[in-house]
Amino acid sequence: MARLFTPFSLKDLTLKNRIVMAPMCQYSVTAKDGVPNEWHYVHYTSRAIGGVGLIIMEMTDVEPDGRITDYDLGLWSDDHIPAFQRIIDSVHQYDAKIGIQIAHAGRKAEDAPEPVAPSAIRFEGDNYKTPRELTTDEVKRMVEKFAAAARRAVRAGVDTIEIHGAHGYLVHQFQSPLTNHRKDAYGADLTRFGVEVIEAMKAEMPSSMPLLFRLSAVEYVDGGYDIDHAIELCRAYHRAGVDMFHVSSGGEGPAGKRRPGNYPGYQVPFARAIKEQLGVPVIAVGMLDNAALAESVIANEDADLVAIARGLLNDPYFALHAAQQLRVKPLAPKQYEMAIR
Ligand SMILES: Cc1cc2nc3c(=O)[nH]c(=O)nc-3n(C[C@H](O)[C@H](O)[C@H](O)COP(=O)(O)O)c2cc1C
C-alpha cells in the first residue's frame, strides 16, 4: 500500500490521503474587493475533483493594505464570508478538506499607499515603498485583525487554518532579526507577535480544529537566520498552540551567498529537522510533484504530508495520476474512470 494514500488525522481533521494543495495567490480578484470570484470557485473545485486530500486556499489578508496587490483575497469583513463558504461547500462535495492561509504582507504590500511593518526597513526592489513602523497599539490591533479573520474563516466552514509566517510577510518580519528592530516588547522577543496571533486565532477556533503555521526555515539574505533560529521559533509557536508546521524557506529578500535549492525535495531536510526536534507533524513542500518522490518523503517519515504548488497548476489531477503510478486503487471520480484507471 502506498503510504501517500493512507489517511491522516490531526484532531478533528481527517484527510483521505497525504497530498496537500499548497497556498498559491491567484492575483485574480478583478473587483479588488478581496472577495473570491468564479475563478477561485472553479480553481479550487477542480483540485478537489483532482483528488487532493487537503486544499489550503491562497494567502488571504486581514486588511486591505495587507494585500501584496489589490487583486488578492481578503477576510477583513463579514461580507467576504458567503463567497468563501460557496467554495468550501463545493470542495466538501467532492470529498476533499479545505483550509485557508491567513496573512498580512507588511512591507511587501505593493499597492498599499503606506505599507506597515515592525520596523521602517524597505524590501529591496522597485515595487516596494519604505514601510511605516507600527506603533505598539497598532501591533495589538493587528493581532485582533488576525483573530477576526480566523472567526470569519470558521464561520465560512473551513476545516483548518494556516498562519502565513513565511516568505518575508508580516509575521515573518516580526520573527526575523533582519526586519524587526523594535524597541518595545515585540522587538525584545521576536516570537511575541506570532505567539499573540496564534493565541488570539486559537481562541476563535473550535478546540478540535488544528492550527497550521507556515514558516521559512532559513533565510537566504546574507546574515539571515538559520534552521536553529527556526527551531526555536517553532518551539514557542508550538507551546502557543500550533498543531502542525508547513516548512518552506526564504522570501525575505534577495539571496546572498546561500541560495535556495532548485532540485526535487530541496526543503525536505528542513521539515525533517523540525519534526525530529519538536516531535510535531510537519508538511514538506518544494518540487515534490513526482509520485515516487512524494511517496518516499512520507514512507521515510521525513514529513507527515506533502504539499504541491506548481505541480497542481500544471496538472489538477496530479493526485489521481500519482495513485495510478503507485498502483493504488484509482481514486478517479466515476465520470473519469474510462480515462484514469
Ligand atoms: C503562483 C504561486 C503563488 C504562490 N502563492 C503563495 C501563497 O499565497 N502563500 C504561500 O505561502 N506560498 C505561495 N507560493 C509558494 C508555494 O506555496 C510553494 O511553497 C512553492 O511554489 C514551492 O512549491 P512547488 O515546488 O510545489 O511549486 C506560491 C507559489 C506560486 C507558484
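The values are calculated or read from the model by the stated rules, or taken from the named source; none is laboratory data. The structure presented is a predicted model; accordingly, all values stated were derived computationally and were not measured. With ideal geometry, Cβ positions are generated from the backbone for all residues, glycine too; neighbour counts draw on all protein chains shown. These area figures cover heavy atoms from the full protein model, side chains too; ligands, DNA and RNA do not enter into them. Shrake-Rupley method; radii C 1.70, N 1.55, O 1.52, S 1.80 Å.
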Those GluC sites (Glu not before Pro) in region 118-215 that DSSP places in a loop and that have at most 15 other beta carbons within 10 Å: 124
Would you please give the residues with an amide H less than 5 Å from that of residue 218, counting only those at least 5 places away or on a separate chain, with H modeled from the backbone geometry? 250
Once both label points are put 7 Å beyond Cα along the C-beta direction, the residue 31-residue 321 separation in nm becomes 3.4
Ellipsoid equivalent to the chain - semi-axes via the Cα gyration tensor, in Å: 31, 23, 18
Name the residue, out of 284, 156, 319, whose mean-square fluctuation peaks in a Gaussian network model built on the chain with Cα pairs under 10 Å. 156
Show that you can apply the helix-only estimate: for the chain, add -39,500 (n - 2.57) for every DSSP H stretch of four or more residues, divide by all residues, and state [θ] at 222 nm to the nearest 500. -10000 deg cm²/dmol
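How far, in nm, would the chain grow between residue 232 and residue 86 when pulled straight, counting 0.36 nm per residue and subtracting the alpha carbon separation? Intermediate values should be presented prior to the final figure.
On the way: separation 146, 0.36 × 146 = 52.56 nm, distance 3.85 nm.
Stretched out fully, the residue 232 to residue 86 stretch lengthens by 48.7 nm.
Which trypsin sites (Lys or Arg not before Pro) in region 1-104 sit in a loop by DSSP (not H, G, I, E or B) and have at most 10 other Cβ atoms within 10 Å of their own Cβ? Spell out each step's value before the answer.
On the way: sites: 3, 11, 16, 18, 32, 47, 67, 86, 97; in loops: 11, 16, 18, 32, 67.
Within region 1-104, no trypsin sites (Lys or Arg not before Pro) qualify (loop, at most 10 other Cβ atoms within 10 Å).
How much accessible area per residue does the chain have, in Å², with a 1.4 Å probe? Intermediate values should be presented prior to the final figure.
Working: 13700 Å² over 341 residues.
Accessible area per residue, the chain: 40 Å².
Please identify the helices of the chain, taking whole runs of DSSP H, that span at least 30 Å along their own axis as judged from the Cα atoms and have a mean Kyte-Doolittle score of -1.0 or higher.
On the way: long enough: 136-156 (31 Å, -0.42).
Answer set is 136-156.
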For residue 9 paired with residue 292, estimate the spin-label separation in nm (one decimal), with each label point 7 Å from Cα along the Cα-to-Cβ line. 3.4
Descending semi-axes in Å of region 249-341, equivalent ellipsoid built from Cα gyration tensor: 29, 17, 10
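Multiplying the sequence separation of residue 313 and residue 336 by 0.36 nm and subtracting their Cα-Cα distance, what value in nm do you get? Write out the running numbers ahead of the final one.
Details: separation 23, 0.36 × 23 = 8.28 nm, distance 1.92 nm.
My answer for the length gained is 6.4 nm.
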Measuring from the lowest to the highest alpha carbon on each principal axis, how far does region 113-184 reach, largest first, in angstroms? 38, 27, 25
